[in-house]
Amino acid sequence: MMRRTCLLLNALCFVLLAASGAAADDTAVAEPSTAAADAKAAKPPVEYELGEGKLVLPVPAEWRKVKPRNRIIELEFSAPAKKADEGSSRLTVVLSGGSIKANVARWVGQFKNHVPPKEGQVGDVKELTADDMPVHYVDLAGDFQDSPRGPFGPSVEKRGYRMLAAMLESKESGNYFFKLVGPQALVAEQVKDFEKMITGIRAK
């Protein structure tokens, strides 16, 4: 009887040790995939020159440079969603004039049925800096009146859209305008990337 009990105990110990080893193996296998995901997330931005090389714009590596829709646009990018079937936002970079007040009024006018911000009023301007250069930043949402054929062409309404717009004042290169426009849910995922890009602009 005692011999049989010892055999059962030995068998039980073997099973427990095997299970412990399997768990350790599972943990070891999971580590490389986590490290790979972290490495992909830490991919550095791609730098583009503006103002005849006087400014550097760090664009997220996942945002793809595309042909500008018109001649006014200096650079244009497609900012895809994390999932391929969720579309993309549009980033444009334009060198232009006009006061911040006039431009904000124009941006506000490109929307109908505004979504009120959590704080403040529609069109409120947030002040940021990039390499000691002032940046005026506006966040708008609602039904966007897009102008695919330029400012004088017919508009196309896109419901439930959001715009992140920033104006950078540069003494050497003038005023640069950066606009990210896309579906509200998608742009919500890209706010941090946009703000990091804008505040990461530097003079050469």
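Mind listing just one residue for me: the one in segment 161-193 that is in contact (Cβ under 8 Å) with a residue 60 or more places away in the chain and among the acidic types (Asp, Glu) and, of those, nearest to VAL122 (Cα to Cα)?
Residue satisfying both the conditions and the ranking: GLU189.
Could you list, in sequence order, the residues of segment 73-97 that are assigned to a loop (DSSP other than H, G, I, E, B) and either among the charged types (D, E, K, R) or surrounded by 13 or more Cβ atoms within 10 Å (Cβ to Cβ) (or both)?
Scanning segment 73-97 gives ILE73, GLU74, ALA81, LYS82, LYS83, GLY87.
Could you check, for segment 154-170, whether at least one of its residues is at pLDDT below 95 and assigned to a loop (DSSP other than H, G, I, E, B)?
yes
Just wondering, is there one or more residues in segment 185-202 that are at pLDDT below 95 and farther than 30 Å from LYS83 by Cβ?
no
When residues of segment 89-126 are filtered for being among the charged types (D, E, K, R) and within 19 Å of the chain's Cα centre (by Cα), how many remain?
Total meeting the criteria: 2.
Looking only at segment 158-201, count how many residues are of a type in the set (D, E, K, R), surrounded by fewer than 18 Cβ atoms within 10 Å (Cβ to Cβ) and either in contact with a Gly (Cβ under 8 Å, 6 or more places away or on another chain) or not assigned by TED's automatic domain parsing to the domain that holds VAL135 (or both).
1
Being part of a strand (DSSP E or B), farther than 23 Å from GLY174 by Cα and charged (D, E, K, R) is the filter here, so list the residues in segment 106-148 that pass it.
Residues satisfying the conditions are LYS112, ASP143, ASP146.
Can you report the number of residues in segment 48-72 which are in a loop (DSSP other than H, G, I, E, B) and of a type outside the set (Gly, Ala, Ser)?
Count: 11.
The values are calculated or read from the model by the stated rules, or taken from the named source; none is laboratory data. This structure is a prediction, so every number in the text was calculated from the model and none was measured. Don't worry about glycine lacking a Cβ; one is built from the backbone with ideal geometry, like all the others, and counts go over all protein chains shown.
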